[in-house]
Amino acid sequence: MPKVSFPAPAMFVRSLISAKRGDRIVYFEGDLAYSRWEEAQRKERTLARFANAVYQSAKDGHCALVQKKLKLNKYQYIAVKL
């Protein structure tokens, strides 16, 4: 499986800060839970750190997290600026 790069958590936060209310940021496409599991099997944490930063932004009230199903096992994960 090819190694996938994700933006640094700080880049996502900066994008969210500069976004206007209602703007949407697609932060991942695929199956996030499965991809995190695969990454854990390789003892890597890049995706986990990124996903945790996105989740923390939602917990802090900066965005809402939604998903759009594209096809079987493929989703767009979207942060909507509040």
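The values are calculated or read from the model by the stated rules, or taken from the named source; none is laboratory data. None of the values given here were measured: they were computed from a predicted structure. No Cβ is skipped: glycine too gets one built from the backbone with ideal geometry, and neighbour counts run over all protein chains shown.
Observations on the model:
- Any hit, segment 16-33, residues being part of a helix (DSSP H, G or I) and touching a residue at least 60 places away in the same chain (Cβ under 8 Å): yes
- Residue in segment 73-81 that is under 18 Å from ALA8 (Cα atoms) and outside any strand (DSSP E or B) present: no
- Residue ID - nearest to ALA8 (Cα to Cα), chosen from residues in segment 36-72 that are among the small types (Gly, Ala, Ser) and out of contact with any Phe, Trp or Tyr (no Cβ under 8 Å at 6 or more places or on another chain): ALA48
- Test: ALA8 is touching a residue at least 40 places away in the same chain (Cβ under 8 Å) and of a type in the set (A, V, I, L, M): yes
- Screening segment 1-15 for residues that are loosely packed, with under 10 Cβ neighbours inside 10 Å and assigned to a loop (DSSP other than H, G, I, E, B) and picking the one that is modelled with the highest pLDDT gives SER5.
- Single unsatisfied condition, ARG36 versus (1) farther than 23 Å from ALA19 by Cβ; (2) part of a loop (DSSP other than H, G, I, E, B): (2)
- For GLY61, the test of being modelled with pLDDT of 90 or more, out of contact with any strand residue (DSSP E or B) (no Cβ under 9 Å at 6 or more places or on another chain) and not in a helix (DSSP H, G or I) is passed.
- Scope segment 34-72; condition surrounded by 15 or more Cβ atoms within 10 Å (Cβ to Cβ) and free of Cβ contacts under 8 Å to residues at least 12 places away in the same chain; matching residues: GLU39
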